[in-house]
């Protein structure tokens, strides 16, 4: 387990300011959700943490990112992974022409052999289908199976902090529920999770704390249960009107907290 902290983070894409002084904390062993509309800066935040921002032509203009008090914001992406932070990108982005097993091996590059074997066993326990289809090309998997592979690939480095960018995007409700359960299991096994997710009901049910980004700034933050009962959050993200008693929102949450 490890604690991730972000302090006064400012990120630019050329002349465009994508993050405007964002600060947040992912306590050791917790799940923290980041919510917001498209373009709010959620993916930019994860890219800054994982060290992949420069591949998207962005740069950290100000601020600090630290893991257990040690700064990682000036490290290359590979070094961030070695420190214990891995990211599952939006859209899965598996290596389509490589087999399932080759994708997992890619995620474990640089991991000692015994640790990689231990991680592979854990991935197969979480996602038995990946063991069954080890020799199949990743591009032939279903969308849900590709998401399993993307998560499994990230787990091959045995991260202490897992960054998840829209893990249920485009998935059927049953598969989304399965992924939600897997996130809970990963966290219960000792991995801190920073979850970016547009399925607000799921995110707030899984997380202990949440942040809402708007135009690159933190507009709201607090315990996930508190935000789930917030009129503003329910109106903007859960489709519940001011006149509603909020039962629809709580019913939506109950599916994920089982």
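When 111, 168 are checked against the criterion of being at pLDDT below 95, surrounded by 17 or more Cβ atoms within 10 Å (Cβ to Cβ), farther than 26 Å from residue 35 by Cα and in contact with a helix residue (DSSP H, G or I) (Cβ under 9 Å, 6 or more places away or on another chain), 111 stands alone in meeting it. Residues that are under 12 Å from the mean Cα position of the chain (by Cα), assigned to a loop (DSSP other than H, G, I, E, B) and modelled with pLDDT of 95 or more within the range 181-226 comprise 191, 207, listed in sequence order.
Residues in the range 56-78 that are farther than 19 Å from residue 14 by Cα and assigned to a helix (DSSP H, G or I): 77, 78. Of the residues 147, 87, 174, the single one that is in a helix (DSSP H, G or I) and either in contact with a strand residue (DSSP E or B) (Cβ under 8 Å, 6 or more places away or on another chain) or buried (at least 21 other Cβ atoms within 10 Å of the Cβ) (or both) is 147. Against the criterion of being in contact with a strand residue (DSSP E or B) (Cβ under 8 Å, 6 or more places away or on another chain), outside any helix (DSSP H, G or I), surrounded by fewer than 16 Cβ atoms within 10 Å (Cβ to Cβ) and without any contact (Cβ under 8 Å) to a residue 40 or more places away in the chain, residue 97 does not qualify.
The set of residues in the range 113-143 that are under 21 Å from the mean Cα position of the chain (by Cα) and closer than 20 Å to residue 185 by Cβ comprises 119, 120, 122, 123, 124, 125, 126, 127, 130.
Might you check whether a residue that is closer than 21 Å to residue 1 by Cβ and either touching a strand residue (DSSP E or B) at 6+ places or on another chain (Cβ under 8 Å) or modelled with pLDDT under 95 (or both) occurs anywhere in the range 130-138? Looking through the range 130-138, none of the residues is closer than 21 Å to residue 1 by Cβ and either touching a strand residue (DSSP E or B) at 6+ places or on another chain (Cβ under 8 Å) or modelled with pLDDT under 95 (or both). From (1) crowded, with 21+ Cβ neighbours inside 10 Å; (2) in contact with a helix residue (DSSP H, G or I) (Cβ under 6 Å, 6 or more places away or on another chain); (3) under 27 Å from residue 5 (Cα atoms), pick out the condition that doesn't hold for residue 127. Unmet condition: (3).
Taking the range 153-171 on its own, how many of its residues are within 13 Å of the chain's Cα centre (by Cα) and in a helix (DSSP H, G or I)? Residues that pass the stated criteria total 2.
The values are calculated or read from the model by the stated rules, or taken from the named source; none is laboratory data. Given the structure is predicted, the values throughout are model-derived calculations rather than measurements. Don't worry about glycine lacking a Cβ; one is built from the backbone with ideal geometry, like all the others, and counts go over all protein chains shown.
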